[in-house]
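Chemist: Right, I'll just put the structure down here and ask away after.
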Amino acid sequence: MPELPEVEVLRRSLEPHLLGDRIERVEVRNPSLREPVDVARLRRAARGKEIVTLRRRSKYLLIDLGGGWTVIVHLGMSGRLTLAPEEAEVEPHEHVAFHLRSGRRLRLRDPRRFGVVFAVRTAELADDPHFAALGPEPLEPELSGEVLANAAAGRRGPVKAFLMDAGVVVGVGNIYASESLHRAGIHPGRPVSRISRRSWDRLAASAVAVLRQAISQGGTTLNDFADGEGRSGYFQVSLTVYDREGEPCLTCGRPVRRIVQAGRSTYYCPGCQR
Ligand SMILES: [Zn+2]
């Protein structure tokens with residue numbers, strides 16, 4: 001499943017290929033995604049419009065267009081957004097395609113159809129229900145211990161669930177939460193009420209470092225997005241605890257443990273994380 005680093009790598013890889021191009025035609029082969037595609041609205045927003053900027057908010061890719069519209073794509077569980085020459089064959093599950101003036105098409109392939117494509121007035125993005133409840137981005141500006149400490153005030157519950165709460169900070173999914181906590185030396189089950197300000201600082205810095213590292217590792221797959229071959233470009237980051245139950249901690253050598261929290265696997269080192 002694409003996480004924030006994958007979406008950020010996708011954004012960076014597509015950006016130089018898309019800016020200044022123009023969407024000539026919008027083709028929706030199957031509107032039955034997680035949310036039904038409003039085809040008429042999407043066409044009205046995008047047809048004939050220049051691509052002005054590519055942004056990311058949480059795991060949404062935001063394609064700002066001339067005329068004050070933004071097309072938003074979420075890849076769901078299995079979606080892939082690739083750029084292909086116009087003459088390339090239609091892929092299986094290619095549900096939405098933006099035909100570009102440059103003779104290419106930006107296509108969404110999504111076998112499981114958990115993706116989302118919609119258009120919003122750029123000026124109204126912040127109030128859109130997809131975005132209104134989201135917490136701050138972790139990277140720009142960099143997440144601080146202060147933000148976490150303030151969000152934790154008066155709350156209970158284990159720190160891992162807190163860190164994965166998109167209302168606290170977006171983009172720290174299950175894998176990155178485990179990795180950030182290990183890096184910060186904090187036990188995933190520790191209640192948020194028992195975390196010091198210094199530990200919050202350490203955790204914030206750890207989350208930033210882990211996400212940055214994932215993005216830079218994903219950067220090596222940049223060409224996969226742009227070559228039109230339809231390869232996914234999702235990448236395996238080097239993980240220190242996640243999915244390493246029983247294997248030695250890379251820091252202290254003790255076996256990594258797995259516990260289940262809120263139905264999700266958590267991996268941690270009993271030596272390094274208190
Ligand atoms: Zn350890």
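Chemist: Please identify, among 210, 96, 147, the residue showing maximal mean-square fluctuation in a Gaussian network model of the chain using a 10 angstrom Cα cutoff.
Modeler: Taking springs between Cα atoms under 10 Å, the residue moving most is 147.
Chemist: Could you report the chain's accessible area per residue, 1.4 Å probe, as an integer in Å²? The partial results should precede the final answer.
Modeler: Numbers: 12420 Å² over 274 residues.
Normalised by residue count, the accessible surface of the chain is 45 Å².
Chemist: Do you know the relative contact order of the chain, to the nearest whole percent, from alpha carbon pairs under 8 angstrom that are 6+ apart?
Modeler: On the way: 559 pairs, mean separation 49.4, N = 274.
Contact order relative to length: 18 percent.
Chemist: Further question on the same structure: Please sort by residue number the GluC sites (Glu not before Pro) in the stretch 35-108 whose DSSP state is loop and whose Cβ has at most 16 other Cβ atoms within 10 Å.
Modeler: On the way: sites: 50, 86, 87, 89, 94; in loops: 86, 87, 89.
The qualifying sites are 86, 87, 89.
Chemist: Right, something else. Which values, in whole Å and largest first, are the semi-axes of the equivalent ellipsoid of the chain obtained as the square root of 5 times each eigenvalue of the Cα gyration tensor? Mind showing how you got there, number by number?
Modeler: Details: eigenvalues 275, 82, 47 Å².
Computed over the chain, the values are 37, 20, 15 Å.
Chemist: Return a whole-number percent for the relative contact order of the stretch 81-209, with Cα pairs under 8 Å and 6 or more residues apart as the contact set.
Modeler: Numbers: 167 pairs, mean separation 28.1, N = 129.
For the stretch 81-209, the relative contact order is 22 percent.
Chemist: Throw me the Rg/Rh for the stretch 4-127, computed over C-alpha atoms with Kirkwood Rh, two decimals. Could you put the intermediate results ahead of the total?
Modeler: Working: Rg = 13.0 Å, Rh = 14.2 Å.
Expressed as Rg/Rh, it is 0.92.
Chemist: I've got another one for you. Could you compute the FRET efficiency for residue 38 and residue 90, with r as their C-beta to C-beta distance and R0 at 25 Å, rounded to 0.05? Please report the intermediate quantities before stating the final value.
Modeler: Numbers: r = 22 Å, r/R0 = 0.88.
It comes out at approximately 0.70.
Chemist: I would also like to ask the following. First compute the accessible area of the chain with a 1.4 Å probe, then give the percent of it belonging to carbon and sulfur atoms.
Modeler: On the way: 5970 of 12420 Å².
Of all accessible area on the chain, carbon and sulfur atoms account for 48 percent.
Chemist: In deg cm²/dmol and to the nearest 500, what is the mean residue ellipticity at 222 nm of the chain if only DSSP H runs of at least 4 residues count, each as -39500 (n - 2.57), divided by the residue total? Present the calculation step by step, with values, prior to reporting the outcome.
Modeler: Details: 7 runs with 75 residues, N = 274.
Taking each H run of at least 4 residues, the total per residue is -8000 deg cm²/dmol.
The values are calculated or read from the model by the stated rules, or taken from the named source; none is laboratory data. The structure presented is a predicted model; accordingly, all values stated were derived computationally and were not measured. Neighbour counts run over all protein chains shown; Cβ positions are idealised from the backbone, glycine included. For the accessible areas, the whole protein counts, side chains as well, though only heavy atoms, and no ligand, DNA or RNA atoms are used. Shrake-Rupley method; radii C 1.70, N 1.55, O 1.52, S 1.80 Å.
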